[in-house]
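A short worksheet on the structure shown next.
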Amino acid sequence: MQAVMQESYGGPEVLRLAECEQPSRRAGQLLVRVMASGVNRADLAQRAGSYPPPPGASPLLGLEVAGWVEEADADSRFQPGDAVFGLVEGGGYAEYALLEEALAIAKPDALSWVEAASLPEAWMTAWFNLVEKAGLAAGETALIHAGASGVGAAAIQLSGLLGARALATAGSEDKLAYCREMGAAAAFNYKRQDFAAEVKALGGADVVLDPVGAAYLDANVSALRPDGRLVCIGLLGGARADFNLGALLMKRIAILGSTLRPQPLAVKGRLARALEETILPALLDGRLRLSVDCSFPLAQVEDAHRYVEENRNLGKVVLTQFPTLAGE
Ligand SMILES: NC(=O)c1ccc[n+]([C@@H]2O[C@H](COP(=O)([O-])OP(=O)(O)OC[C@H]3O[C@@H](n4cnc5c(N)ncnc54)[C@H](OP(=O)(O)O)[C@@H]3O)[C@@H](O)[C@H]2O)c1
């Protein structure tokens with residue numbers, strides 16, 4: 001099969017389409033002919049060599065796919081020819097990928113391949129961290145950093161769905177407008193505004209969802225209200241911080257963190273059900289919005305990575321391969 005391969009770690013230019021062996025399915029898995037796969041920030045880190053795949057996972061890039069079931073267990077709830085989407089442990093940038101049946105979701109006709117492939121990583125990450133880790137409740141305020149990222153756009157909207165108020169940060173005026181379109185009550189440009197002061201002026205945050213890390217630690221704790229929860233999901237601004245623990249005591253702050261990829265199948269399965277049973281219906285009836293920026297053919301994966309690396313995307317970027325059906 002064709003897949004995106006790399007002979008060395010490095011920039012987007014190390015990526016190329018090449019022939020490799022098709023993955024072999026184990027019981028409990030679906031072999032999926034991939035029609036579209038989402039691009040995630042983690043793929044850029046894996047390509048560069050700083051985020052190795054977990055043991056046993058495909059060494060190929062790609063954490064979410066949508067496509068046709070090609071093979072399934074005889075007693076599977078899916079059959080060859082069914083359209084599905086879901087989170088994969090790796091290997092999404094390929095003609096065929098393995099999807100655990102427990103993570104597979106039937107693709108509704110109303111969603112395109114691109115739209116379906118854009119959903120799992122962003123929404124499952126937002127749900128895991130806002131609902132399960134931080135316990136965001138109706139009436140609370142969530143501060144969502146990188147609000148125009150794939151995860152950020154989902155997290156702003158999920159806050160609203162939960163009855164919470166979302167505030168957001170981003171690095172350009174068009175991204176701030178996008179955050180407001182996604183439902184943020186206010187959005188701040190972290191390059192020229194003191195977001196902690198702005199958030200405090202609006203009453204403070206009960207939860208902060210933070211992919212930036214060290215560079216934001218002091219400001220995040222300052223922006224939090226008493227009993228606030230800071231959930232660290234990324235280290236775009238560094239991993240090590242010199243931090244005064246006093247504020248944690250005085251405000252009873254909890255600092256949490258998580259990564260989705262190495263979670264046990266049972267946890268990911270629970271998050272897939274939340275996507276299927278709560279998020280998907282709300283996307284289909286218009287309570288939530290899809291947030292796809294653009295798509296690139298798989299052969300242009302280098303351009304797709306460059307686009308994301310240059311922080312140009314508002315929402316998700318998706319790779320497409322439509323080898324058998326024109327257009328879709
Ligand atoms: N822990 C987990 O399980 C998990 C799962 C999925 C994603 N994540 C993390 O969540 C983040 C978003 O992922 P994604 O795939 O949705 O990302 P994405 O769409 O690629 O967007 C990331 C955005 O972050 C902003 N950014 C980049 N460097 C920054 C910095 N140093 N300081 C502040 N903002 C910065 C940029 O927007 P601006 O133009 O606004 O600066 C960029 O467009 C990433 O850090 C990713 O690793 C974590």
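Could you give me the ³J(HN,Hα) list for the stretch 60-70, computed from phi with Karplus coefficients 6.51, -1.76, 1.60 and θ = phi - 60°, whole Hz, x at Gly and Pro?
Residue by residue, the stretch 60-70 yields 6, 6, x, 10, 7, 9, 9, x, 8, 5, 9 Hz.
Once the Cα gyration tensor of the chain is diagonalised, what are the square roots of 5 times its eigenvalues, in whole Å and ordered largest first, as equivalent ellipsoid semi-axes? The partial results should precede the final answer.
Values: eigenvalues 228, 85, 67 Å².
Output for the chain: semi-axes of 34, 21, 18 Å.
Looking at the chain, send over the antiparallel percent of its DSSP beta bridges, to the nearest 5. Provide the component values of the computation, followed by the final result.
Values: 28 of 53 bridges.
Rounded to the nearest five, the antiparallel share is 55 percent.
Order these by the 10 Å Cβ neighbour count, fewest first: ASP194, ASP109, ASP293. Show your work: numbers first, answer last.
Numbers: ASP194 14, ASP109 7, ASP293 19.
The most exposed by this proxy come first: ASP109, ASP194, ASP293.
Using mean Cβ contacts within 10 Å as the protection proxy, how do 79-92, 13-26, 265-278 order, highest first? Each step should come with its number before you reach the end.
Working: 79-92: 22.2, 13-26: 13.9, 265-278: 16.8.
Descending packing order for the listed peptides: 79-92, 265-278, 13-26.
Tell me the label-point distance for the pair ALA137, ALA201, using the 7 Å Cα-to-Cβ offset, in nm and rounded to one decimal.
Placing both labels 7 Å along Cα→Cβ, they lie 2.9 nm apart.
Rounded if a/c is under 1.5, else prolate if a/b beats b/c, else oblate: with a ≥ b ≥ c from the C-alpha gyration tensor eigenvalues square-rooted, which is the stretch 49-201?
Values: a/c = 2.41, a/b = 2.02, b/c = 1.19.
Since a/c reaches 1.5 and a/b is larger than b/c, the shape of the stretch 49-201 is classed as prolate.
What order do you get for ILE144, ILE156, ILE105 when you list them from fewest to most C-beta neighbours inside 10 Å? Intermediate results must be reported in sequence, preceding the final value.
Numbers: ILE144 33, ILE156 28, ILE105 22.
Ascending Cβ contact count within 10 Å gives the list ILE105, ILE156, ILE144.
Can you work out D for the stretch 22-84 in µm² s⁻¹ from Stokes-Einstein, where Rh is the Kirkwood radius over C-alpha pairs, the temperature is 25 °C and the viscosity is 0.890 mPa s?
For the chosen part, D equals 187 µm²/s.
Can you give the helix-only mean residue ellipticity at 222 nm for the chain, where every DSSP H stretch with n ≥ 4 adds -39500 (n - 2.57) and the sum goes over all residues, rounded to the nearest 500 deg cm²/dmol? Let's see the in-between values first.
Values: 11 runs with 85 residues, N = 328.
The per-residue figure over the chain is -7000 deg cm²/dmol.
Going Cα to Cα from LYS191, which lysines come in below 17 Å? Please leave out same-chain ones fewer than 8 positions away.
LYS175
In a shell of Cβ-Cβ distance under 12 Å around LEU319, excluding LEU319 itself, what net charge do Lys and Arg (+1) and Asp and Glu (-1) give? Write down the numbers at each step before the final one.
Numbers: positive: LYS316; negative: ASP43, GLU64, GLU95, GLU302, ASP303.
My count for the surroundings of LEU319 gives -4.
Long-range amide H contacts for ALA168: which residues qualify at under 5 Å (H placed 1.01 Å from N, peptide plane, sequence gap of 5 or more or a different chain)?
Under 5 Å from the amide H of ALA168: ILE144, ALA186, ALA187, PHE188.
Since every read-out is calculated from the coordinates, none of them should be taken as a lab result. No experiment lies behind these values; they were computed from the predicted model shown. Cβ coordinates were reconstructed from backbone atoms using ideal geometry, including for glycine residues, and neighbour counts include every protein chain displayed.
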